[in-house]
Amino acid sequence: QVKLVESGGGLVQPGNSLRLSCAPSGFSLNGYAIGWFRQAPGKEREGVGCISSSGGITRYADSVKGRFTISRDSAKNTVYLQMNSLKIEDTAVYSCAAATSCTAIAQRTVVYWGQGTQVTVSS
């Protein structure tokens with residue numbers, strides 16, 4: 001079900017930062033693990049990372065570990081993807097998804113998802 005909305009995408013130069021937001025439409029994210037995915041032109045969709053329902057555990061793909069950070073703000077009912085030291089190869093459509101756990105996220109067993117937001121890293 002498309003019930004998540006991503007925002008914050010745009011055009012940035014290599015080395016710069018961008019923060020994406022994932023917000024629900026009509027429900028609380030409390031109790032859901034949230035994963036971030038991306039799909040680059042001509043490439044398969046890949047998992048970027050995941051944050052547990054409590055926010056206590058985060059997991060990242062090797063390609064982004066150390067550069068990207070996922071966090072959540074319960075008061076704002078929003079999950080964020082902070083992207084630092086962006087590379088040209090980070091260019092993709094980024095989307096978020098909600099599931100019962102990060103294991104379920106990895107298995108693509110999601111309950112809700114969004115349409116994505118474009119991130120372009122270029123000189």
The value for the range 31-98 (convex hull of the alpha-carbon atoms, volume per residue, Å³) is 82 Å³
Phi angles of the range 114-123, converted by Karplus (6.51 cos²θ - 1.76 cosθ + 1.60, θ = phi - 60°) into ³J(HN,Hα) in whole Hz with x for Gly and Pro, give x, 8, x, 9, 7, 10, 10, 10, 8, 7
Sparse-neighbourhood loop hits (GluC sites (Glu not before Pro), the range 30-123; DSSP loop; Cβ within 10 Å at most 15 others) -> 44
Listed by chain and number, the aspartates and glutamates with an alpha carbon less than 20 angstrom from that of residue 43, same-chain partners under 8 positions apart left out, are 62, 89, 90
The Kirkwood hydrodynamic radius of the chain, taken as the inverse of the mean 1/r over all distinct Cα pairs, in Å, comes to 14.1 Å
Those trypsin sites (Lys or Arg not before Pro) from the range 50-123 that are DSSP loop and have at most 15 other Cβ neighbours within 10 Å turn out to be 65, 67, 87, 108
Taking only Cα atoms of the range 9-59, the Rg to Rh ratio with Kirkwood Rh works out at 1.02
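Every read-out reported here was derived from the displayed coordinates using simple, explicitly stated rules and does not represent laboratory data. Predicted, not measured: the structure shown is a model, and the values here were computed from it. Here Cβ is always computed from backbone atoms with ideal geometry, including for glycine, and neighbour counts include all displayed protein chains.
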